[in-house]
Structures are given as C-alpha cells and as structure tokens.
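The values are calculated or read from the model by the stated rules, or taken from the named source; none is laboratory data. Since the model is a prediction, treat every value here as computed from it, not as a measurement. Positions of Cβ are generated from backbone atoms using ideal geometry, with glycine treated the same way; all protein chains shown enter the neighbour counts. Calculation scope for accessible area: heavy atoms of the full protein, side chains included, ligands and nucleic acids excluded. Shrake-Rupley method; radii C 1.70, N 1.55, O 1.52, S 1.80 Å.
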Amino acid sequence: GGQTPPRLRPIETHLADVTEPLDPTRDTAYFWHVHKAAGTAMATMMSHCMDLVLANEAGGYYGWDDHDQLAIFEVGEGGDGARYVNVDTTSLDGLKRAHDLGLARSGMADVIVAARFVPAVEQLFDERYRGRMFALLRHPVERAVSMYYYRQYATWEPTYEPCLSEMTVLEYARNPRFVEGNWMVRTLTDKMVGEVTREDLEAAKEILRRKCLVGIVDGSSEGGGRMAESVRRFDAYFGFSAGPGEKKVCTDNLLHDRGVHGEGRGSNKHSHPHYGPESPEWKALAKAHELDMELYQYAEGLFEVQGALLEEMDLST
C-alpha cells in the first residue's frame, strides 16, 4: 500500500505481529474492546474465570487511580475476587497516567483492555514493551442495533442518550450524530471525526491482518459457534489457561449467557427486536456502516486463515 500516515506509525512498532512468537518478557496482551461485541463478557471471563489481572476502567470506577504508583486491587471476597491494576485505560487522561507509571513495563497487568485503539497503542506500549492485540468483532448491523437499545437505558454510560427512545431504528440509522458510522475503521485509523475513505479501510484491514488475533461473535448462535472458538484461540495463543474444571465451567456459563456462577443473564445483555437483512432498518444501518461491513467480512476471512495458522504454530513454547 501507500505510506503509513505518521499518526499510525506507533502501531507498526508498538504492537507485535500476530505471527511472531510471544515473548513474555516484552509483550502484554491488549484486548481492543469493540463495544456491544461481547467485550464485557470477555473481560469477565478473563478476570473471573481465568484469574487474570486486568487493566481496564475498574481503576477509575473504584477511584483507585489517584495513587502515584501502580498497584493491584482485588474486588470481591474469598478468593473469588477479580484483580485490577489501579489505572483507567478507557480515558485519555488514564492512558497518559498508565504511560507515565510504566504500566506495560511493570508487567502487572496480564491483559490491558481499551477501546480507544490508537491513543492506547501510542501511550501504553513502546518498542521494547509491546502490545499483543486481540479482539472480538461482531456484525456491524447487529452491533448498531444493540447499541441503539443499550444507549437508551445505560444511564451509567457517557454515551447514554434517552432521546433515542423517541427515535425509530430507521431514524437512528440515518442520523450521523448518533449512529457512529464505521466506528471500527474510524477507531483503528484514528479518524473519529470527518470523512473516512477506502484508504482508511485498507489501513484498518492491514492492522487486523498483521497485528490482531481476530475473534468473532455470532449474534445468532447464542454462546456457541465462533465466540467459543475465539475464546479457545485466545486461551491457546496467550496461555490464559481456561483449563479443565472450574475455569471451564465458569467460561462456559458466560459463553451461554448464564453469568459467572450460572445465575441467569449476563450483566450487559438485553433482549431487543431483530431486523433481517431485507428490512429497511438493516439496509440503512448497513449503508451507515458501509466500510465497517467490508472490514467485518474481511475479518471473517482472517478468522478462517488464522485458525489454520494457529494449528501450525507451536504455541507451547
């Protein structure tokens, strides 16, 4: 392709290539959180089932992010707790603080979770202490529909938008202020505002191809299908060890939407109407997310290719 624009250069050096052997002394797993694509369930699996230390929004949520050094906090009692580093990797201020305190170098976090891709990669990692990117992706139309309903009731979210309840899905799809058109391509190429082009799409594809272990969430097959296979891959690739026994039960519960202890629905899941590919709603949303649709199709192909690749790689080293 063409030249890498300067704003995307850190991606080149701060993230390891997906095919390179993992170096535990240098590399930290980085989960790019695509909203409404089972990212919350994935984080819970990692913190509760796989017993991994996470750096995500918890540090800010519990108000631990005012210390001048890094520390690990536990939430919950009796060995059932989840452990988090005292940073908030979901805000730009939090990313800068994580950078200043040397989060990646400290090796405290087993996994760093952040949605703001380019700022996260730029601030959290460097050429010595690199990120290893993995992500769960979901069909852009399903994601958009989910987002539309979620933002109407999620009072705790900065994106909470009660006025969406007075808008139909079709109106939402046609309203650029709300629909977050092509969020994936925009986020991967750091073009949150203004026009995104086919060139940006190509850059986004290249980032996924070289830098990202791709997981896929199927809306249709509740809990099964590619999501389960994705978690299995993440586990094998990073050595997360969602091994036999309790960890497996815990992971299966979350995959099948039963909560950590099998107690019913996942925390962020809500049922809402589905729109088929022939409906005007679907078509309008597909148009609003035209580049993301192509990126997702590309990612589905990568998912197949990487499956074969992982079988060839000896992940036990």
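Just a few scattered comments:
- Members of the stretch 61-118 that are open to solvent by less than 10 Å² (accessible area, probe 1.4 Å) and polar (S, T, N, Q): Asn86, Thr89
- For the condition within 14 Å of the chain's Cα centre (by Cα) and over 30 Å from Pro21 (Cα atoms), Arg143 qualifies.
- Residues that are of a type in the set (S, T, N, Q) and part of a helix (DSSP H, G or I), drawn from the stretch 113-166: Gln123, Ser146, Gln152, Ser165
For every residue, the table says whether it meets (1) in a loop (DSSP other than H, G, I, E, B); (2) open to solvent by 60 Å² or more (accessible area, probe 1.4 Å); (3) at pLDDT below 90.
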position: Tyr172; (1), (2), (3): no, no, yes
position: Leu188; (1), (2), (3): no, no, no
position: Val193; (1), (2), (3): yes, yes, yes
position: Glu202; (1), (2), (3): no, yes, no
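- Qualifying residue in the stretch 58-65 (condition: among the hydrophobic types (A, V, I, L, M, F, W, C) and modelled with pLDDT under 85): yes
- Meets criteria (farther than 21 Å from Lys283 by Cβ, modelled with pLDDT of 80 or more and touching a Leu at 6+ places or on another chain (Cβ under 8 Å)) for Ala135: yes
- The stretch 271-317 - residue that is farther than 22 Å from Leu22 by Cα and open to solvent by 100 Å² or more (accessible area, probe 1.4 Å) and, of those, modelled with the lowest pLDDT: Ser271
- Selected residue (criterion: farthest from Arg186 (Cα to Cα)) from residues of the stretch 119-140 that are open to solvent by less than 30 Å² (accessible area, probe 1.4 Å) and aromatic (Phe, Trp, Tyr): Phe125
- Summed over the stretch 176-220, the residues that are of a type in the set (S, T, N, Q) and farther than 15 Å from Ile11 by Cβ give a count of 3.
- Some residue of the stretch 233-241 being modelled with pLDDT of 75 or more, among the charged types (D, E, K, R), closer than 30 Å to Gly76 by Cα and open to solvent by less than 40 Å² (accessible area, probe 1.4 Å): yes
- Comparison of Tyr172, Tyr153 shows that the only residue that is within 30 Å of Gly225 (Cβ to Cβ) and in contact (Cβ under 8 Å) with a residue 60 or more places away in the chain is Tyr153.
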